[in-house]
Structure formats: C-alpha cells, structure tokens
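Beneath this line is the structure, given in structure tokens, with notes to follow.
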Amino acid sequence: MGGTLVPTTTKSEPPSPRPPMESTAPSIPPPPPMPPSLMEEEPSEADIDKDVLCPICMQIIKDAFMTACGHSFCYMCILTHLRNKSDCPCCSRYLTNNHIFPNLLLNKLLKKISARQSARNASPVENLRQTILQGCEVSAKELDSLLSLLVDKKMKMEQSEAETNMQILLDFLNCLRKKKLEELTQIQNDLQYIKEDTTAVKKRTMELYTAKERCSMNLRMLVDDFSAEKPLPSLIDQYNNGAISGGRNSQGWIGSAKSQSRVSLKDQANSPGFRSKDANGGSDSTCNIDSGLTVARKRRIHAQFNDLQECYLQKRQHWTKQFNKQEDEGPTAMDLDGYNPGLQDFQAVLTTFTRYSRLRVIAELRHGDIFHSANIVSSIEFDRDDEMFAIAGVSRRIKVFEFSAIVNEPADVHCPIVEMSTRSKLSCLSWNKYTKNHIASCDYDGIVTVWDITTRQSLMEYEEHEKRAWSVDFSRTEPSMLVSGSDDCKVKVWCTKQEASVLNIDMKANICSVKYNPGSSVHVAVGSADHRVHYYDLRNISKPLYVFGGHKKAVSYVKFLSNHELASASTDSTLRLWDVKENLPLRTFKGHKNEKNFVGLTVNSEFIACGSETNEVFAYHKAISKPAASYKFGSDMAGVDEEAGSYFISAVCWKSDSPTLLVANSQGTIKVLVLAA
C-alpha cells in the first residue's frame, strides 16, 4: 500500500494518485482512500508490514494519527517527537500538537488487516468458533451434519491416539524385553563362567587334597617304618646273646613285632587327634589361628563383594574375548584341566586383596625440628636397589638415609648418610635407574639438577624453566634422559650429556607431574592443571597421543604400574587408573581427601598408595575402588595435640613390589609401614 498512508523516509518518491474523498471535517485534510491495489488484489504480508510501519519507531502503527502534511504515525511516537521538536519527522514542515488528527480510516484498515491475518493464522476450529460466536445463521440440518462430522472426527482421532499410545507401549515393551533378554543372556553367560570355574576349583581342590593325603600317607609310612625298625637292635642283641634260639623263631618274632607295630601306629595315625594335628600343621592353636584368619579374609570379601564381583566378571569376559580371537590356536589358550586364565587372574587379585587389611608401623624417623613448618617433605624416593631412600622438601636439603639402619637400628635420631644443600625449596626427586649414585631434583626456582651423592656435588644444572618446576623423572630404558614439568606450562626433555634441553612441549596449563613409561624412552605421561592427563609420543609432539579426561580438578601426580597401566591423582579427591595401550579408563578410586595439597602418590604392580589431608595414608588394590588399608598418623600416640588435624600426608613411596611403604607428613615425620593381615 503506497502513498501518504505509510510514507517512506525518502522524499524523492512521488505519492501514488488517489481518488478524491469527502472530508469528515472542514479543518481536517481529507483522509486517503483505499488504493485500487487493495481492492483488486490482496498484498503480501511482507508488503503490508512494510507499508504500515511508523516512520519513527519502525513498528506497525498503533493508534494512528495523521499530520496536516499527510503523514501517519503512532500517536505516542509523534506526541513524544513534538515535545522536543516542532517539525514533521518525514518532511520537516512546521508542526505542532494542533496539527495532528486521528486517522480513522487507517485505524480501521489496520484492524481489518490484523483480523485477516489472525483468521489466516487461526486454526479451522477457531474460525468455526468465531463464526458461531459472531451469530452466523445456521440451520438445524446443517448443525446436525456438522455435529455428525465432528463426532466421526473425534472417534477417528481417539482411535488414532489409542493406536499411537498402544504402539508406543508396544515399542517400550519390546525394548524392555530385548534389554532383559540381553541381561538374561549375560547372566546365563556369567552363570556358565561360575559353573565352569566352580568345577575347575573343585577339581583343583581335590587334586590338592589328594596330594595332601598322599603326603600324609607317606609321612605315616615313614613313621611306621621308623617305629617298626626301632626294636631291631635289641632283638639282634638278644639273638647274639643267645636269649632267642633258632633263626626261624627269631625271624618270625621279628616279623610279628613289625606287623604289630604297624597296626598300632596305623591306628594312632588314623585316629581323629592325629589327623587333626597333621591337617592343621601340628597343633590346635595353629588351627584356631588359621580359622581366625580365614574368617577375617571372608569378611573382607563380603565387605567388597560388589567390586570383587565386577572384577571377576571383567577378567572372565576379557579372557573369553581373547579365546574367541584365538580359537584356532587350540587348547594352548587354556589349561587342559579347564582352569581359565581369567579365573587365575582373579584368584591372584582375591588372594592379594584379602591378605592385607591394615598398615602397621615397623619403624619411624624424625629429622630436624619436628615443630617447624619448614620440615614438610615434598618427595621421598627409594634408590635403584631399595637400599637407600632420599627425602627433599622445603628445608632446601636432600637427605639420603640407609633403609636397613632405619628399620633394624631403632634410635631417637637417625643421621643421613648424605646431605646436600640447595638454593631453593625442592619439589621432586628421581633416582637414576642405572647409575646408583645419581639423583635428579627440581625446585621452586625452576632449576633441574642432577647430583652425584658420592661426591655430594651437582653434575648438571638446567635453568630453562621460567617458573617453579613441580616434577622430574629419569627414563628407565635410557638412563641419560630425564623429563621435567613446570608452572611455565612447558615440558622439557633433557640429556645428561648436553647442557640444554633436547625437546620442549608447550602446553596451555601448568604442569604438575611428568613420568616416563617404564617400558619406553619415547612415551611420557603429563598431569596438567587442565584436569587431564596427556600421553605423548616424543617422536611427534605436535599433539598428544591420547588425552585422558575425567578428573574435575588439577591432576597432581601420574605414575605407571606397568607398561600399559597409568595411575593419576587429582585434587578432586580421586585416583584414576588408565590403560595407555587401549586408551581406556579402567577404574576410579575414592576414600581419601585431597582438595588443595600435594599428598603424594606411589604404585607397585598390585597396589596404589596416596596420602590424605586427614593426615592418613590409604592403600588401594588396583582392581578394587575402595581402600584396602589405611593408617592415620598419631593414631598410636596418646595425647595428640589439637594442631595434628592441620597436618597432611605429603609424600609416599613403595619399596619396589614389597608390602613396605615409606610415608612422610607435613610435620616432617617419616614412618615405615607394612601391609599386614
């Protein structure tokens, strides 16, 4: 709709011609008539919206008012404009409040357009309702026909809706049935595993029992022979002395003596008392002890039954998949007696897990002023042969102790066999895996140092890190290589034969921990403040080989249990186990508290140990997500001061694959713990 009804902002466009119209008042200019275009054909919705826009607010005109110069605006828009200016917004002609008038025709037209658009957009039901409400005359016959149509339509809609609902219900039931059948199949497979393994275990138990009985029988036969041969010297003496005459009589007597001795000893050996002692190692007290330990181990099984069940099924299913892949290899994949390797793996887990229930103190070491905060131990590490261990921390000293002296020579004060001073607080230590007297350290100034503990001198100092270095680690397979990580978001690889770094990895977040894969000199795990573990192949550092996500806070430690198993610790109070070969998460461990401090992490082939901000150390079996054992510092001391609650475990280290564990806390106390039943 063109012309003066909805003027454009450009003045050059001529108004379209309009037929004359009778004015409603002598002082009011004649309102514009409806253009022939509206009467001939209905304009598009886009054209209508464009032509009925207010030139001021650029919205569809509401309560249209027309100026003396023929332009139309929203009443509130033109009124607000005239409060500030006295001209027309379109043509700039002089204009006041006395020169604006209601545009009745345009208001009526806008109402019709709005009604038409509403009708166009309204549903047929709404149109019908509006038609009836407007009083449209309809005959009874037409209403009956309409009602019949509505009833039929309603019935069809209800039927269609019922069919749809039934189809949805049927789909749900089919999905549920499929899921339950899958679960049933899995349960049947699990039951088959259990049946096979039960048969195999019973068979193995019978073999052990048979072997035991055979051993007991051999033992009884030895006892019988010994008891029967004991009278021989006296009989021979009697024979030689002439007390017994005649070879036959003497031989017959000896034979009868042997048979009588065997009968009496056999009766004794077969007596319940003899069997009880023999079966239990020789005494009733031993029997009671063994029975008590067995009951305790069974209690531990029931306490962690769900985790053990999951572990058993996982190992069984894993080996079943392996058998399916190797089914052409014959019976070599499984023992001929049916003892499944998955069952063997689980038996090893069960045996190891139930063997221990607590951590027991076997020795204790305190160094320096135990009440001074500068004694926090940041790192504690065994050397290559587990003969010595080194500690370092905020005291700016590396101290090396002889382990056997700590354990075997209890004393109030143990002096280190080596002590080396540094310029800054220390954060991490790493022994060289080949050269026994070499150890690396990194400190708060970002300096990485390689030391010779024999000469107590530094061999190399690397100062490329720009901020605090948190972690350093020697390679096991390449003894001259080591890696470090720092708050400058850089991972650097060093060679003890060079004075500068040989490789540099730039990352986006602070580096908290680095660790070489024990079976490779080119694979490095990096724990980062971005909550993730990055696993790099140093031959291609453009991007990590894998990125393990799952922690909710910074990853403070990474340690390898094996060539493919990696443990990580985080300040989200969890540990996680990853498979770096298959790029899979394996398990999450919870039980300790770690929200802000470095509390230590150490691993061996079976167990993972970490500290807690509750001044406790926790030991986890790698197959079970809950702690296997724990120990709280101060729990064996009377009258512990109130400040003990502010201490936390700061460093931990296993002694290779033994159950012995070194633990240090923020008070500077170092204890030697051992896993016990």
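The values are calculated or read from the model by the stated rules, or taken from the named source; none is laboratory data. Just so it is clear, the model here is predicted, and its values are computed rather than measured. With ideal geometry, Cβ positions are generated from the backbone for all residues, glycine too; neighbour counts draw on all protein chains shown. Protein only, heavy atoms only, side chains kept; ligands, DNA and RNA dropped before computing areas. Shrake-Rupley method; radii C 1.70, N 1.55, O 1.52, S 1.80 Å.
Data for the structure
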{"read-out": "ILE439 vs. criteria touching a residue at least 40 places away in the same chain (Cβ under 8 Å), in the same structural domain as PRO544 (by the TED database), hydrophobic (A, V, I, L, M, F, W, C) and assigned to a strand (DSSP E or B)", "value": "yes"}
{"read-out": "Residue that is nearest to LEU146 (Cα to Cα) [pool: residues in the range 113-133 that are surrounded by 12 or more Cβ atoms within 10 Å (Cβ to Cβ) and of a type in the set (D, E, K, R)]", "value": "ARG129"}
{"read-out": "Output for the range 542-562, where each listed residue is surrounded by fewer than 20 Cβ atoms within 10 Å (Cβ to Cβ), basic (Lys, Arg) and touching a residue at least 12 places away in the same chain (Cβ under 8 Å)", "value": "LYS552, LYS553"}
{"read-out": "Failed condition for CYS69, given (1) modelled with pLDDT of 85 or more; (2) open to solvent by 60 Å² or more (accessible area, probe 1.4 Å); (3) part of a loop (DSSP other than H, G, I, E, B)", "value": "(2)"}
{"read-out": "Qualifying residue in the range 469-477 (condition: among the acidic types (Asp, Glu) and either open to solvent by 50 Å² or more (accessible area, probe 1.4 Å) or touching a helix residue (DSSP H, G or I) at 6+ places or on another chain (Cβ under 9 Å) (or both))", "value": "no"}
{"read-out": "Test: residue in the range 141-150 that is farther than 30 Å from GLN344 by Cβ and either surrounded by fewer than 10 Cβ atoms within 10 Å (Cβ to Cβ) or touching a helix residue (DSSP H, G or I) at 6+ places or on another chain (Cβ under 6 Å) (or both)", "value": "yes"}
{"read-out": "Residues located in the range 72-100, provided they are surrounded by 13 or more Cβ atoms within 10 Å (Cβ to Cβ) and part of a loop (DSSP other than H, G, I, E, B)", "value": "SER86, CYS88, PRO89, CYS90, CYS91, ARG93, LEU95"}
{"read-out": "Residues that are open to solvent by less than 50 Å² (accessible area, probe 1.4 Å), at pLDDT below 90 and not aliphatic (A, V, I, L, M), drawn from the range 398-415", "value": "HIS414"}
{"read-out": "Scan of the range 516-548 for residues that are hydrophobic (A, V, I, L, M, F, W, C) and within 15 Å of the chain's Cα centre (by Cα), ordered by number", "value": "VAL533, VAL547, PHE548"}
{"read-out": "Condition check for VAL491: crowded, with 17+ Cβ neighbours inside 10 Å and within 25 Å of LYS399 (Cβ to Cβ)", "value": "no"}
{"read-out": "Flag if ASN665 is under 29 Å from CYS415 (Cβ atoms), polar (S, T, N, Q), at pLDDT below 95 and in contact with a helix residue (DSSP H, G or I) (Cβ under 7 Å, 6 or more places away or on another chain)", "value": "no"}
{"read-out": "Hey, LYS497 in contact with a Gly (Cβ under 6 Å, 6 or more places away or on another chain), modelled with pLDDT under 95 and surrounded by fewer than 18 Cβ atoms within 10 Å (Cβ to Cβ) or not", "value": "no"}
{"read-out": "Hits in the range 610-623 (condition: of a type in the set (Val, Ile, Thr) and part of a loop (DSSP other than H, G, I, E, B))", "value": "THR614"}
{"read-out": "Every residue from the range 614-634 that is at positive phi and free of Cβ contacts under 8 Å to residues at least 24 places away in the same chain", "value": "GLY634"}
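Per-residue answers, yes or no, for (1) more than 28 Å from TYR312 (Cβ to Cβ); (2) among the charged types (D, E, K, R); (3) part of a strand (DSSP E or B):
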{"residue": "LEU566", "(1), (2), (3)": "no, no, yes"}
{"residue": "PHE589", "(1), (2), (3)": "no, no, yes"}
{"residue": "LYS593", "(1), (2), (3)": "yes, yes, no"}
{"residue": "VAL599", "(1), (2), (3)": "yes, no, no"}
{"residue": "ILE608", "(1), (2), (3)": "no, no, yes"}
{"residue": "SER625", "(1), (2), (3)": "no, no, no"}
